[in-house]
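Everything on this sheet refers to the single structure shown next.
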Amino acid sequence: MDENTIFDKVHDIDLKKTMENSYIDYAMSVIASRALPDVRDGLKPVQRRILYAMIELNNGPDKPHRKCARIVGDTMGKYHPHGDSSIYGALVNMAQEWSTRYPLVDGHGNFGSVDGDGAAAMRYTEARLSKISMELLADINKNTVDFRPNFDETEKEPAVLPSRFPNLLVNGTQGIAVGMATNIPPHNLREVINAVIKIIDNQVEEDRETTIEELLEIIKGPDFPTGATILGRSGIDQAYRTGRGKIKVRAVTDIEAMANGKQRIIVTELPYMVNKARLIEKIAALVREKKVEGITELRDESDRSGMRICIELRRDANANVILNQLYKHTQLQDTFGVIMLALVDGQPKTMNLHEMLDYYLTHQKDVVTRRTRYELNKAEERAHILEGLLIAQDNIDEVIKIIRGAENIQAAKLELMERFGLSDAQAQAIVDMRLRALNGLERAKLEKEYKELMERIGELKAILADEKKLLGVIKDEIALIRDKYGDERRTQIGFDVDDISMEDLIPRENTVITMTKLGYIKRMTVDNFKSQNRGGKGIKGMQTIDEDYIEELFMTTTHHYIMFFTNTGR
């Protein structure tokens, strides 16, 4: 090849600009296509694709478990062209009861443990969809969500799932993108759905927005699958109001007396995402290094009935002191950093609690509207066919004569359409009609079906015409899910000394503030301040020095702040 021809194909590029563009493309790919969930269904792309691949495999909760290797293979080959380990990891996570508050996958086999043990290889484990995951996929075949081409445009995949319950808050999520991260804790299904119902009721009955305070009364706080205790409400309130906050989580422990006069600490619940095996190793290391003294024996007595870590103490040891040392130096007390970040219209956004529930409710309005239109179209199509069949029943002798006298089916259809004003679909249904449909019993069935269809069409049109009825449908459906899958809280809300403010320690009293011309300020209770009675000299509320007098006097309380400004700029 001519050397000049080679150099003609070489182009100069701006390295800085190329790196910027490449980095932005990479960052947006990670943000939108891997690490962050959609606010509507609470799923990352890999999770959504796994669930959709499983429903396509007919791998529902009423079917036998299938090899995870088959599920991973279908997901990777059809929808998610990335490594099989990342797909299998996401599948395993959705099946682990200590990782997911309401597991979306029903696993069979070794799916790891709270000790950090990994799951068995995918060729050994089996899985199927859990019952609650079917609520995420419900009505997906009724044009409720948009579908888009997969990576090689050979298949279609849903852009989002219908999600009949608020999965983003119910199961939470964790993800690290480029320059941002999300860390949404799981919540109690019953509380979250009750909050959505509260928003609906306020819109329908009172035509007003729901306040954060109202939501905080319903949603007490995160509800972790591993239980434990949240210390205080300040972190919860901050997270729900701003989308960011730090929540202290402490293990559930009990101090037991032993027969030999010693005491032992029993740990039955750990903070969320804490590795039990590493925790025990950490406690043992603290004992060896003599950072915590008084522990004589440490055992993991966990079994099928539940978690139990036993920490035996010396006879002269103070159990409460040792427990506080363990809280300080180990993950028996941990902090959950809440970052309520998710994709809204493809863009990452940090939201408060109200915004997340609002986006979910907006999604449900769209889903139910699209489903209602789909069902209305199907009902109208069927009613149209029934109208043709009833016309045929009314003119059965003539219809039979036309069909028998026609040269072929097409000719019969055309003559029926011309004679009775039928559509092509109605004529086709008539020529397809079996002889048994000609008796009186079949006519009664057709009339009954037609009557029921017309009533249903009226109901569907009413839903589309009235947003309050639409919200009523959503409310009824999510209430059924609440009653079917709702359970009691696992995580309790405890007391935290850091939640005590100065105002909590000061009794609320009405006070009088006085300030003199020379700048002397005094505060006294209303009872101690004696104002001058009408017609009498009374008693002064404040004694002043000569040539000084009270210039300002006002009432306030011991819980209010007073701001002072001077002419010196302070």
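None of the figures in this text is laboratory data; all of them are computed from the coordinates on show. Note that this is a predicted model, so its numbers are computed, not measured. Reconstructed Cβ throughout: ideal geometry from the backbone, glycine too, with neighbour counts over all protein chains shown.
Evaluated with a Cβ-only charge set (Lys, Arg +1; Asp, Glu -1), the chain carries a dipole of roughly 1460 debye about its Cα centre, given to the nearest 20. One equal scatterer on each Cα of the stretch 252-331, no solvent, Debye formula: the resulting log10 I(q)/I(0) at q = 0.16, 0.17, 0.26 Å⁻¹ is -0.56, -0.63, -1.48.
Classify the stretch 371-484 from the C-alpha gyration tensor, please: rounded if a/c falls under 1.5, else prolate or oblate depending on whether a/b exceeds b/c.
Prolate, because a/c is 1.5 or more and a/b exceeds b/c.
Within the same chain, lysines fewer than 8 places from LYS475 are excluded, and of the rest, those with a Cα less than 16 Å from its Cα are LYS198, LYS365, LYS484. Mean residue ellipticity at 222 nm, helices only, the chain: -13500 deg cm²/dmol; runs of at least 4 DSSP H residues each add -39,500 (n - 2.57), and the sum is divided by the number of residues. With 18 Å as the limit, the listed pairs LYS142/LYS445; LYS282/LYS328; LYS413/LYS448 have LYS142/LYS445; LYS413/LYS448 beyond it between alpha carbons. The distance linking the stretch 150-204 with the stretch 229-296 is 30 Å (Cα centroid to Cα centroid, whole angstrom).
For trypsin sites (Lys or Arg not before Pro), the sites in the stretch 146-211 that DSSP calls loop and that have at most 12 other Cβ atoms within 10 Å are ARG208.
Between MET515 and ALA444, what length in nm is gained on full extension when 0.36 nm per residue of separation is reduced by their alpha carbon distance?
Working: separation 71, 0.36 × 71 = 25.56 nm, distance 9.34 nm.
Once the chain is fully extended between MET515 and ALA444, it gains 16.2 nm.
Compared with the direct C-alpha span, the chain from TYR549 to ALA411 gains 38.4 nm at full extension, assuming 0.36 nm per residue. Restricting the stretch 389-484 to trypsin sites (Lys or Arg not before Pro) that sit in a DSSP loop and have at most 16 other Cβ atoms within 10 Å of their own Cβ leaves ARG434.
Of the residues VAL344, VAL274, the one with the fewest other Cβ atoms within 10 Å heads the list, and the complete ranking is VAL344, VAL274.
Farthest toward the positive end of the dipole of the stretch 82-223, out of ALA90, ASN110, THR154, is the Cα of ASN110, where the dipole comes from beta carbon charges about the Cα centre.
Quick check on the stretch 92-139: take the gyration tensor over C-alpha atoms, sort the square-rooted eigenvalues as a ≥ b ≥ c, and tell me if it's rounded (a/c under 1.5), prolate or oblate. Oblate. When the convex hull of its Cα atoms is viewed from all sides, the chain shows a mean projected area of 56.6 nm².
Taking 7 Å steps out from each Cα toward its Cβ at GLU398 and ASN58 produces label points 4.6 nm apart. Give the calculated FRET efficiency between ASP146 and HIS329 to the nearest 0.05, with a Förster radius of 41 Å applied to their Cβ-Cβ distance. It comes out at approximately 0.20. With a cut-off of 17 Å on the backbone N, the residues of the stretch 74-100 near the modelled label site 7 Å out from ARG123 along Cα-Cβ are 74, 84-85, 88.
How high is the relative contact order of the chain? Use alpha-carbon pairs under 8 Å, at least six apart in sequence, and give a whole percent.
14 percent
Kirkwood radius for the stretch 43-159, taken over all pairs of different Cα atoms as the inverse mean of 1/r, rounds to 14.3 Å.
Along the chain, the exposed loop sites are chymotrypsin sites (Phe, Trp or Tyr not before Pro) outside DSSP states H, G, I, E and B with at most 15 other Cβ atoms within 10 Å, and the longest stretch free of them is 152-494.
Compared with the alpha-carbon gap, the fully stretched path from MET180 to ARG508 is longer by 113.7 nm at 0.36 nm per residue.
Annotation: peptides 252-259, 511-518, ranked by per-residue average of other Cβ atoms within 10 Å with the highest first, follow the order 511-518, 252-259.
Which loop trypsin sites (Lys or Arg not before Pro) in the stretch 244-339, with loop taken from DSSP, have no more than 14 other Cβ atoms within 10 angstrom of their Cβ? Here the sparse-neighbourhood loop sites are LYS290, LYS291, ARG304, ARG308, ARG314, ARG315.
From least to most packed, judged by other beta carbons within 10 angstrom and beginning with the fewest, THR557, THR242 follow the order THR557, THR242.
From a point 7 Å beyond the Cα of ARG490 in the direction of its Cβ, which residues of the stretch 98-126 have a backbone N at a distance under 16 Å? The answer is 98-107, 111-116.
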